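The values are calculated or read from the model by the stated rules, or taken from the named source; none is laboratory data. All values reported here derive from a predicted model rather than from experimental measurement. As a convention, Cβ positions derive from the backbone with ideal geometry for all residues, glycine included, and neighbour counts pool all protein chains shown. Just so you know, the surface numbers come from the protein's heavy atoms only, side chains and all, with ligands and any DNA or RNA stripped out. Shrake-Rupley method; radii C 1.70, N 1.55, O 1.52, S 1.80 Å.
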Amino acid sequence: MKVTSRLESAIQKLYIAFHNGALYPECCKQCAVGNILDRKDFWKHFSEDHGSLKLNYIGTIHQNLGRRYKGYSPEELLKIEHLFLKACGYELPLHFKNKKPDNPTDKDILFEGLSVVIDYLCDLDGVPNVMDFKNLFVTDSSKQNQDKLLIV
C-alpha cells in the first residue's frame, strides 16, 4: 500500500509521541496536531476554542489562501484535533467545566484517540486504514469461504 509523505510523517510523529510519553491532549504543543506540527502551537489561533471545528477570522484567512501546514489545511487540522479530543473522552470545546477523562495520559485513552485520528488521516489521503489489522488474518481459504457466504 502506497501512502503519501504527509501521512507517513504524521503517523511517525504520533507514534513517537505516543511511545515517548509526549502526547498530552490538553496541551496545544503535545496534542495530536501539536505533534504533527513539530510541537508548535501556532495552529491554536485558527479557532477560538481548543477542540472547536469553527475557524475564526485568522483561520478563515489561512484556509482561503490555501495555506497548508505539514500538508494539512487549517480546517483539516481542527478536525484532527476535534476527533482526537472527542475519542479521548473530552466534552468539547475544551474547558475546565466540561467533562474530561480522569487520567488523560492513560495509554488506552490515547490509543483510542490516535486510532480515530489515523483513520481520518488515511481517509483524507484515500488509503485504507493502516491500523486495520483484520486483513492480516485473512488467508486465501478463508477469503474464498467468505466469498461463498456472500454469494449464498
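Every residue, every condition in (1) out of contact with any His (no Cβ under 9 Å at 6 or more places or on another chain); (2) more than 16 Å from Leu124 (Cβ to Cβ), yes or no:
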| site | (1), (2) |
| --- | --- |
| Asn20 | yes, yes |
| Asn35 | yes, yes |
| Phe46 | no, yes |
| Gly59 | no, yes |
| Tyr72 | yes, no |
| Glu91 | yes, yes |
| Lys97 | yes, yes |
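Take region 1-27 and flag every residue that is in a loop (DSSP other than H, G, I, E, B) and open to solvent by 30 Å² or more (accessible area, probe 1.4 Å).
Met1, Lys2, Val3, Thr4, Gly21, Tyr24, Glu26, Cys27
Of the numbered conditions (1) of a type in the set (A, V, I, L, M); (2) closer than 25 Å to Glu48 by Cβ; (3) open to solvent by 40 Å² or more (accessible area, probe 1.4 Å), Leu121 fails exactly one; give the number of that condition.
If we test Leu121 against (1) of a type in the set (A, V, I, L, M); (2) closer than 25 Å to Glu48 by Cβ; (3) open to solvent by 40 Å² or more (accessible area, probe 1.4 Å), just (3) comes out false.
Quickly run through region 8-37 and pick out the residues that are farther than 18 Å from Leu78 by Cβ and under 11 Å from the mean Cα position of the chain (by Cα).
Within region 8-37, just Ile11 meets the criteria.
Within region 100-118, take every residue that is of a type in the set (D, E, K, R) and under 16 Å from Ala32 (Cα atoms) and give me the one that is surrounded by the fewest Cβ atoms within 10 Å (Cβ to Cβ).
In this case the residue turns out to be Asp108.
Exactly one condition in (1) touching a Phe, Trp or Tyr at 6+ places or on another chain (Cβ under 6 Å); (2) open to solvent by 40 Å² or more (accessible area, probe 1.4 Å) is not met by His45; state its number.
(1)
Mind checking which residues of region 48-88 are in contact (Cβ under 8 Å) with a residue 60 or more places away in the chain and open to solvent by 70 Å² or more (accessible area, probe 1.4 Å)?
If the condition is that a residue be in contact (Cβ under 8 Å) with a residue 60 or more places away in the chain and open to solvent by 70 Å² or more (accessible area, probe 1.4 Å), then Lys70 is the only one that fits.
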